[in-house]
Structure formats: C-alpha cells, structure tokens
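The values are calculated or read from the model by the stated rules, or taken from the named source; none is laboratory data. Worth saying up front: this structure is predicted, and the values here are computed from it rather than measured. Every residue, glycine as well, gets a Cβ built from its backbone with ideal geometry; the counts of neighbours run over all protein chains shown.
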Amino acid sequence: MSGGDYQHIHPAVRAIADLDDAARIERIKVGMWIEYPSVARALAVLQETFEQPPRDRMENVLLIGESGMGKTMLVAKFERANAGRDDVVTGVRRRPVVVVLMPPEPSPGEFFNRLLTTLGAPLQRHWNARTERQHEVAAAILRAIGTRVLVIDEINSLLAGTPRQQRLFLQLLRFLSNDLRMALVCAGVPEARRALMSDAQLRSRFCDIELPLWRADADLQAFINRMVTGLPLRRPSPVDSPKVRRLLVDRSGGITIGICRAIERAAIAAIRSGQEMIDQASLEDDAVWRRMTPATSFTAVRGRSAVASMR
C-alpha cells in the first residue's frame with residue numbers, strides 16, 4: 001500500500017507514510033510533543049514566572065504530577081523556549097533557564113555539586129570546598145550566564161532526607177531565592193507539596209500547578225486524536241470512542257506515558273502486521289501494555305489517595 005494522499009494524518013507526516021516499515025517504525029519510536037490544556041496552562045504559568053523582573057520577593061512555582069505525567073518533558077520545552085544566545089563579546093553562553101536534577105541525598109553540599117556539574121564548572125576544584133564557597137561559585141556563574149529561572153527537578157527527593165536535612169534544604173531554597181533574586185521552579189510528585197509547603201516562608205512564595213491524571217473525557221479524546229494523526233499509518237484509525245478512552249484510562253491508570261507507549265506499540269504492531277491502523281482490539285492486546293500495567297496501576301492508586309487527602 002503506497003502512493004496515497006493520507007488525508008487522515010498530519011500533512012508533515014504524509015511523506016513519511018510512504019517510507020518503508022523500518023523507517024516508519026523508527027519515526028514512531030522518536031515520539032512527539034503534544035500540547036494539551038493542563039500542559040498549556042502550566043507552560044503559561046512558567047512563562048509568567050520567567051518574565052517577572054528581579055526583585056526581593058520572587059514568585060516561585062511548584063509543578064506537581066505523578067511520575068510519567070510529562071513534567072520533565074514540559075520543563076525541557078520551557079527551557080528550549082527560553083534558550084539564550086552566546087555573548088559574542090564575552091564568549092559567555094547565556095542560559096536564562098537552568099535545570100538541575102535534585103540529588104538523591106537532600107544536602108546542600110550534594111545539591112551544589114550537582115548544580116556546579118550542570119553549569120560545567122571545574123568540579124574537582126570545588127568538590128571538597130565548604131558549602132559557602134560552593135554557593136559563591138554557583139551564584140557567580142548563574143549571574144554571569146544571565147539565569148532568570150532555576151528549575152529543580154525531582155524535588156520529591158527531599159522526602160528521602162531526615163527532618164533536619166529537609167529543614168536545612170528548605171532554608172537553602174529560601175536563601176537561593178533571596179540572594180540570587182531569581183525565580184525557582186520545583187518539579188515533583190504530589191507528596192513533594194507537603195514537604196515544601198511545611199515552611200511558612202516558602203509557602204507564601206510558591207504557587208502550585210498540577211498535571212492531573214487523565215480522565216475518559218473530551219480532553220483525552222483530543223489528545224488521542226492528535227497523537228494518532230501524527231503516526232505514519234496508511235489507514236484511518238477508528239479510536240474516537242468512549243470505549244477506547246475508558247480502556248486507555250483503565251489500563252494506564254491515567255498516566256500520560258502509559259497512554260503514549262500503548263498507542264505507539266499498537267501503531268508499530270499495525271505496521272508489522274500490515275493492518276496499518278489502530279482500533280480498540282489492538283489496544284486491548286496485552287502486548288502493548290507489557291511492563292507497564294503494574295507500575296501505572298500502583299501510581300494511579302497512590303495518586304488518587306494523595307488527591308483525596310488534600311480535599
């Protein structure tokens with residue numbers, strides 16, 4: 001089957017639909033960015049945070065969502081959207097947004113080691129330095145590269161520390177925000193809210209925005225439709241139905257990565273079998289859910305419990 005006009009898929013994908021099976025499967029494995037309402041709202045809040053002028057009391061953001069909901073991808077898109085240009089005069093690479101992964105141990109020393117590595121500092125010189133010296137070096141680099149927002153991903157690692165470690169790290173966050181006069185964005189699972197908001201001063205400086213679990217509603221159908229039109233399948237896929245939405249939510253636990261991987265695997269199977277389209281039966285195949293169902297089911301239950309406890 002080839003040479004079709006493929007009106008059922010996005011114009012940018014139509015040329016790919018005429019490629020051989022291996023090329024089309026490789027295209028599917030690359031994945032795609034699909035914006036949907038809760039992501040659009042989160043990006044808008046992050047952009048507002050980025051655009052605020054430096055001041056003594058910066059407004060910060062706590063981005064929360066279950067594992068697999070796309071927080072890291074969203075943060076990466078935010079970083080790309082605000083990428084800086086190299087300063088041709090000084091030779092400095094501008095980095096208006098810096099993303100650092102929270103270390104497993106929530107100590108200031110481990111955090112600054114991770115931050116200095118992210119910034120490309122000669123870590124050997126600062127590995128055994130006092131925390132105050134590490135802070136000075138990191139602050140100097142952040143100012144030099146024009147950083148306006150510091151993103152700390154996986155902030156929920158804070159929960160692995162002792163109460164004393166948590167208090168010290170929360171003090172560090174306050175100090176960073178005050179000293180650098182830049183906004184902080186912390187991303188993590190819902191439980192991170194409890195730890196971060198336990199500090200009265202931080203609680204008044206952070207707003208939180210959530211990527212909620214999917215429900216079998218119109219927003220999910222729009223997401224499915226956009227994803228399917230981005231797949232180089234040669235036949236239309238009949239997936240616009242309440243049964244398909246409910247199937248995807250039930251099997252994935254409402255987790256974005258589970259929904260995406262199931263659809264991608266069903267599309268790859270459709271190419272290999274010659275079916276060239278996804279339907280309810282192909283999404284019911286246990287093979288498309290391999291190694292996903294137990295983890296996502298656990299996450300969904302934990303997520304619903306966390307939501308219920310906050311009401």
Checklist entry - Among (1) surrounded by 11 or more Cβ atoms within 10 Å (Cβ to Cβ); (2) assigned to a loop (DSSP other than H, G, I, E, B); (3) not assigned by TED's automatic domain parsing to the domain that holds Glu154, where does Met58 come up short? => result (3)
Next on the checklist: Quick check on region 128-170: of everything there that is of a type outside the set (Val, Ile, Thr), within 13 Å of Gly109 (Cα to Cα) and touching a Gly at 6+ places or on another chain (Cβ under 8 Å), which residue is surrounded by the fewest Cβ atoms within 10 Å (Cβ to Cβ)?
Outcome noted: Gln134
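Pick out, from region 161-206, the helices (runs of 4 or more DSSP H) lying fully within it that include 2 or more residues that are assigned by TED's automatic domain parsing to the domain that holds Ile64 and of a type in the set (S, T, N, Q).
Numbers: elements: 163-180, 191-196, 200-203.
Passing ranges, in order: 163-180.
Condition check: closer than 24 Å to Leu170 by Cα and basic (Lys, Arg). Does Arg55 satisfy that?
Working: closer than 24 Å to Leu170 by Cα: yes; basic (Lys, Arg): yes.
Yes, satisfied.
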Next on the checklist: Of everything in region 253-281, what is without any contact (Cβ under 8 Å) to a residue 40 or more places away in the chain, farther than 28 Å from Gly65 by Cα and under 28 Å from the mean Cα position of the chain (by Cα)? Give them in sequence order.
Outcome noted: Ala269
Checklist outcome for this item: Subset of region 134-153, residues among the acidic types (Asp, Glu) and touching a Phe, Trp or Tyr at 6+ places or on another chain (Cβ under 8 Å), comes to none
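The rows are residues; the columns are (1) within 30 Å of Glu276 (Cα to Cα); (2) within 15 Å of the chain's Cα centre (by Cα); (3) touching a residue at least 24 places away in the same chain (Cβ under 8 Å).
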site	(1), (2), (3)
Val189	no, yes, yes
Ala216	yes, no, yes
Gln221	yes, no, yes
Asn225	yes, no, no
Val228	yes, no, yes
Pro232	yes, no, yes
Item to check | Residue count, region 38-72 (criterion: under 18 Å from the mean Cα position of the chain (by Cα) and over 10 Å from Ala183 (Cβ atoms)) | outcome: 20
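Looking at region 6-55 only, could you name the residues that are part of a loop (DSSP other than H, G, I, E, B) and in contact with a Lys or Arg (Cβ under 7 Å, 6 or more places away or on another chain)?
Step one: filter region 6-55 for residues part of a loop (DSSP other than H, G, I, E, B), giving 6-10, 15, 19-20, 31-36, 52-55.
Within region 6-55, Tyr6, Trp33, Ile34, Pro54, Arg55 meet the criteria.
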Next on the checklist: Please go through region 227-257 and give me each residue that is farther than 18 Å from Ala270 by Cα, assigned to a helix (DSSP H, G or I) and not aliphatic (A, V, I, L, M), ordered by number.
Outcome noted: Pro242, Lys243, Arg245, Arg246, Asp250, Arg251, Ser252, Thr256
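A quick yes/no check of all residues on (1) out of contact with any Cys (no Cβ under 6 Å at 6 or more places or on another chain); (2) over 15 Å from Leu184 (Cβ atoms); (3) polar (S, T, N, Q); (4) at pLDDT 95 or above:
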| residue | (1), (2), (3), (4) |
| --- | --- |
| Ser2 | yes, yes, yes, no |
| Ile34 | yes, yes, no, no |
| Asn60 | yes, no, yes, no |
| Asp87 | yes, yes, no, no |
| Pro103 | yes, yes, no, no |
| Asn113 | yes, yes, yes, no |
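Of the residues Glu26, Glu48, which is farther than 27 Å from Asp219 by Cα and at pLDDT 95 or above? Walk me through it before giving the result.
Numbers: Glu48 fails: farther than 27 Å from Asp219 by Cα.
When all the criteria are applied, what remains is Glu26.
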